[in-house]
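The values are calculated or read from the model by the stated rules, or taken from the named source; none is laboratory data. What you see is a predicted model; the values in this text were computed from it and never measured. Using ideal geometry, Cβ is built from the backbone for each residue, glycine included, and neighbour counts are taken over all protein chains shown.
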Amino acid sequence: MINNQKIVVIMPAYNAEKTLKQTYNEIYQEFVDEVILVDDFSCDNTKNISKELNITTIVHERNLGYGGNQKSCYKAALNSNADIIIMLHPDYQYTPKLIPAIATMLAFGEYDAVLASRMLGNSALKGGMPLYKFIANKFLTWFENIFLGEKVSEYHTGFRGFTKKVLEELPLESCSNDFAFDNEIIALMFYNKFKIGEISCPTKYFKDASSINFFRSCKYGLSVLLISLKYRFAKIGLKFGIFKSDARKLDKNSKLNYFYKKQ
């Protein structure tokens, strides 16, 4: 807890048995009130390792995709009365040691969300990011900054923190169940005038770190371009998809399949 704010770390997991323990062990527990993992129908032993680590664990009965996994994570965090929610991938690509810094940026009301950027400090290539992903990241970020009218160093990080207000007010249920979810939530935050901060974050690319393949990367890139265009249209009054007034918010009281609850 920081400034009397309950800190909950959520982990969207899929086949993370090889890296989960190492990731969890580097979380500074004195700053974190609860850790919640959602296993998106993994083929490995992720859920049992999570239970052994005494992590509150939810298991999907079928694979819902990366965005669908995050929706369950955020519902569970809101249901646990979290004030600050920090998403950390359990694949050890991002360092858990930055959680206190991210939480502090949120706990005192300076920001509504914080993105841990791999592009600040030139750590991406040093950490092993493939060159084609680095170039694509830079291009997509440049494109989005133009269409969204912002100056963000990276829109594509998977390490980010939010206040509960962001997750309660944005229509996240209508967002994609795929990787485009990450980009849609940022576009929605800017559209609704939430304050977003950034922090430099080292990254590690290695065999067991999760990463989407080239085909899915291309699909994600196209979705990013489309989201940016929809944002620009919405700003001039032509609203599509998640920017429409009938887009749905998360229901924190919806049923979740708890495999294990922390004792």
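Within the span defined as region 16-26, one or more residues are part of a loop (DSSP other than H, G, I, E, B) and over 25 Å from GLY67 (Cβ atoms). Number of residues in region 41-69 that are over 16 Å from TYR260 (Cβ atoms), crowded, with 17+ Cβ neighbours inside 10 Å and not polar (S, T, N, Q): the value is 5.
In summary, helices (runs of 4 or more DSSP H) completely within region 109-176 and bearing 3 or more residues that are out of contact with any Gly (no Cβ under 9 Å at 6 or more places or on another chain) and either buried (at least 19 other Cβ atoms within 10 Å of the Cβ) or polar (S, T, N, Q) (or both) occur at 131-148, 164-169.
Filtered by the rule that a residue be surrounded by fewer than 23 Cβ atoms within 10 Å (Cβ to Cβ) and assigned to a helix (DSSP H, G or I), region 77-92 gives LEU78, ASN79.
The set of residues in region 93-104 being crowded, with 24+ Cβ neighbours inside 10 Å and either small (Gly, Ala, Ser) or on the phi > 0 side of the Ramachandran plot (or both) consists of ALA103 alone. The residues of region 225-256 that are within 21 Å of GLU173 (Cβ to Cβ), assigned to a loop (DSSP other than H, G, I, E, B), among the small types (Gly, Ala, Ser) and free of Cβ contacts under 8 Å to residues at least 60 places away in the same chain amount to a single one, SER245.
Of the candidates ILE2, ILE36, the single residue that is in contact with a helix residue (DSSP H, G or I) (Cβ under 6 Å, 6 or more places away or on another chain) and at pLDDT below 95 is ILE2.
Counting only residues that are assigned to a loop (DSSP other than H, G, I, E, B) and out of contact with any Asp or Glu (no Cβ under 9 Å at 6 or more places or on another chain), region 93-106 holds 1 of them.
Scanning region 24-33 for residues that are in contact with a helix residue (DSSP H, G or I) (Cβ under 8 Å, 6 or more places away or on another chain) and exposed (fewer than 15 other Cβ atoms within 10 Å of the Cβ) yields GLU26, TYR28. Residues in region 93-129 that are within 19 Å of ASP83 (Cβ to Cβ), charged (D, E, K, R) and modelled with pLDDT of 95 or more: ASP112 only.
When you check LEU222 against the structure, is it surrounded by fewer than 17 Cβ atoms within 10 Å (Cβ to Cβ) and in contact (Cβ under 8 Å) with a residue 12 or more places away in the chain, yes or no? Criteria not met by LEU222. Scanning region 192-204 finds no residues that are among the hydrophobic types (A, V, I, L, M, F, W, C) and more than 26 Å from LEU78 (Cβ to Cβ).
Quick check on region 183-206. Is at least one of its residues part of a helix (DSSP H, G or I), more than 16 Å from LEU115 (Cα to Cα) and touching a Pro at 6+ places or on another chain (Cβ under 9 Å)? For region 183-206, residues part of a helix (DSSP H, G or I), more than 16 Å from LEU115 (Cα to Cα) and touching a Pro at 6+ places or on another chain (Cβ under 9 Å): absent.
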